[in-house]
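As structure tokens, the structure follows; a few thoughts come after it.
The values are calculated or read from the model by the stated rules, or taken from the named source; none is laboratory data. Keep in mind the model is a prediction, meaning the values are calculated, not measured. Backbone-built Cβ (ideal geometry, glycine too); neighbour counts: all protein chains shown. The area values use the complete protein model at the heavy-atom level, side chains included, leaving out ligands, DNA and RNA. Shrake-Rupley method; radii C 1.70, N 1.55, O 1.52, S 1.80 Å.
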Amino acid sequence: MEIINEAADKFKDRQEEVCGALLELLARINTLERSVLARSNEINARILKKELSAPEIDMAMKEMWSYFREECRKIVEPRCTEKLLKKGYARSFSTTPMYGYIEDEDDCRGTFAMETAKKAVVEFRFTNHSSVNFMHRFTLVPSGGVWLVDAFSYGNEKEGVWHRGHI
């Protein structure tokens, strides 16, 4: 995917470092979501075949959600600030991962902006092959030699408003 570098001249060389860290994080979340979806589909198939009792269904779903939250925690805690983590994570999954657009070079465009050494912003615009132009914005801050996601916002181009979200 092409990411347009709109950083101040003295920060243009930071794009690979910042965007690489973010894209790796999002790809790991996508992989986890796909594995949880597969587990969910297996449970649902067993439910349809009437192989599970009501208590077994409840246990299987609780275990799946516990697994999802724990594995997501392992992914996001080292890469996000406490401020963002307090907003939550691992709240949902679907057939299209939350950040699946990063894998679709034809549907997604990104921009990298950095005006100070204290903050970088990466925005993605994508359609998910619909008529709506979605927007995701990630604000990253340096901490201990790594870039952490400090804020996530989302919206759509028609509405033109950014809403604060969780990772």
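Could you go through region 117-128 in sequence order and give the Karplus-derived ³J(HN,Hα) for each residue, using 6.51 cos²θ - 1.76 cosθ + 1.60 with θ = phi - 60°, rounded to whole Hz, and x for Gly and Pro?
Once rounded to whole Hz, the list reads 6, 8, 7, 10, 10, 10, 10, 10, 10, 7, 10, 6.
Please report the relative contact order for region 1-97, taking Cα pairs under 8 Å with a sequence separation of at least 6, and give it as a percent rounded to a whole number.
Details: 44 pairs, mean separation 33.9, N = 97.
Relative contact order comes out at 35 percent.
If the viscosity is 1.567 mPa s and the temperature 4 °C, what Stokes-Einstein diffusion coefficient in µm²/s follows for the chain when Rh is the Kirkwood radius over Cα pairs?
75 µm²/s
Could you give the size of the charge dipole of region 82-167 about its Cα centre, using +1 on the Cβ of each K and R and -1 on the Cβ of each D and E, expressed in debye and rounded to the nearest 20?
Details: 11 positive and 11 negative charges, 109 e Å.
For region 82-167, the charge dipole is close to 520 debye.
In whole angstrom, how long is each semi-axis of the equivalent ellipsoid of region 69-155, when you take the square root of 5 times every eigenvalue of its Cα gyration tensor and sort them from largest down?
Working: eigenvalues 104, 69, 21 Å².
Gyration-tensor ellipsoid for region 69-155: 23, 19, 10 Å.
Restricting to the chain, what percent of DSSP beta bridges are antiparallel, rounded to 5? If you can, show how the numbers build up before the last one.
Details: 27 of 31 bridges.
Once the DSSP bridges in the chain are tallied, antiparallel ones form about 85 percent.
Report, in cubic angstrom per residue, the convex hull volume of the C-alpha atoms of region 26-78.
Details: hull volume 2.6 nm³, N = 53.
Convex hull volume per residue, Cα atoms: 49 Å³.
Once every DSSP H run of n ≥ 4 in the chain is given -39500 (n - 2.57) and the sum is divided by its residues, what mean residue ellipticity at 222 nm do you get, rounded to the nearest 500 deg cm²/dmol?
Numbers: 3 runs with 61 residues, N = 167.
Rounded to the nearest 500, it is -12500 deg cm²/dmol.
Run the accessible area of the chain with a 1.4 Å probe and give the carbon-and-sulfur part as a rounded percent. Provide the component values of the computation, followed by the final result.
Numbers: 4770 of 9620 Å².
On the chain, the fraction of accessible area on carbon and sulfur atoms equals 50 percent.
Mind checking the dipole of the chain: about its Cα centre, +1 per Lys or Arg Cβ, -1 per Asp or Glu Cβ, Debye to the nearest 20?
Values: 25 positive and 27 negative charges, 137 e Å.
Taking the Cα centre of the chain as origin, the dipole is about 660 debye.
Could you report the chain's accessible area per residue, 1.4 Å probe, as an integer in Å²?
Ligands and nucleic acids excluded, the figure is 58 Å² per residue.
Please report how far the C-alpha centroid of region 86-129 lies from that of region 1-17, rounded to the nearest whole angstrom.
When both Cα centres are located, 16 Å separates them.
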